[in-house]
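> There's a structure below that I have some questions on.
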Amino acid sequence: MKHTAHFFRSMVAATALTFVSVAAHAATVNLKATLKASSEVPAKDSAGTGMLTATLDTTTNEFKYHIVYSGLTGAATAAHFHGPAAEGVNAGPQVPIKGGVASPIDGSATLTADQAKDLLDGKWYFNVHTAANPGGEIRGQVMKGK
């Protein structure tokens, strides 16, 4: 009987740990965007391209991002996450990139509940600005990804 009780407690503990692990994993959403000049509004004439990958922890609203780009008309002068906006619509900055904006860019921010909702609803975009294209040279809508 003593063996059975110990086994039962061990199984309950293992099951509880599994649920905690699954819950922690389920709280992270992967995001991505393909950055290109044709996605700017209005579209730009540039060979610039880039890729954004990010995660959002839906429990803490911690947003982490990694951006790489190349082929711009000149050095990047600024970069921002903008929203809320559907694809093809312009909006104001939500999260500016602090510090250097040379590729690659790595950073994080804690979002408000409204910002997190808009981000997960696909209503944010990221763009990189240059002197030749002060309104933005490459842009990509941030969407849920794998």
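> Got a sec? Charge dipole of the range 28-144, +1 on Cβ for Lys and Arg, -1 for Asp and Glu; which of Asn127, Thr34, Ala113 is way out at the positive end?
Selected residue: Thr34.
> Rank these for me by crowding, Tyr125, Tyr69, going from fewest to most other beta carbons within 10 Å.
So the ranking, lowest neighbour count to highest, is Tyr69, Tyr125.
> Could you tell me the relative contact order of the range 32-90? Use alpha-carbon pairs under 8 Å, at least six residues apart, and round to a whole percent.
Rounded, it is 30 percent for the range 32-90.
> Here is a follow-up. Which whole-Hz ³J(HN,Hα) couplings does the range 103-115 yield from phi under the Karplus relation 6.51 cos²θ - 1.76 cosθ + 1.60, θ = phi - 60°, glycine and proline marked x?
Couplings: 6, x, 10, 10, x, 8, 7, 9, 8, 6, 4, 5, 4 Hz.
> Efficiency by 1/(1 + (r/R0)^6): what FRET value for Thr49 and Asp106, r their Cβ-Cβ distance, R0 = 30 Å, to the nearest 0.05?
E between Thr49 and Asp106, to the nearest 0.05, is 0.95.
> Among the aspartates and glutamates, which have Cα under 17 Å from the Cα of Lys146 when same-chain residues fewer than 8 positions away are ignored?
Asp57, Asp121
> Can you tell me which lysines have their Cα less than 21 Å from the Cα of Lys144? Leave out same-chain residues fewer than eight positions away.
Correct list for Lys144: Lys32, Lys36, Lys64, Lys117, Lys123.
> Also: Please report the relative contact order for the range 28-144, taking Cα pairs under 8 Å with a sequence separation of at least 6, and give it as a percent rounded to a whole number.
Normalised by residue count, the contact order of the range 28-144 is 34 percent.
> 7 Å from Cα along Cα→Cβ at both Thr28 and Val68: what's the point-to-point distance in nm?
1.9
> Can you put Glu62, Glu87, Glu40 in order of Cβ neighbours within 10 angstrom, beginning with the fewest?
Final ranking by Cβ density, sparse to dense: Glu87, Glu62, Glu40.
> With +1 on each Lys and Arg Cβ and -1 on each Asp and Glu Cβ, and nothing else charged, work out how big the dipole of the range 28-144 is about its Cα centre, in Debye to the nearest 20.
100
All of the numbers you see were taken from the coordinates with simple rules; none came from a lab. The model shown is predicted, which means the values in this text are computed figures rather than measured ones. Every residue, glycine as well, gets a Cβ built from its backbone with ideal geometry; the counts of neighbours run over all protein chains shown.
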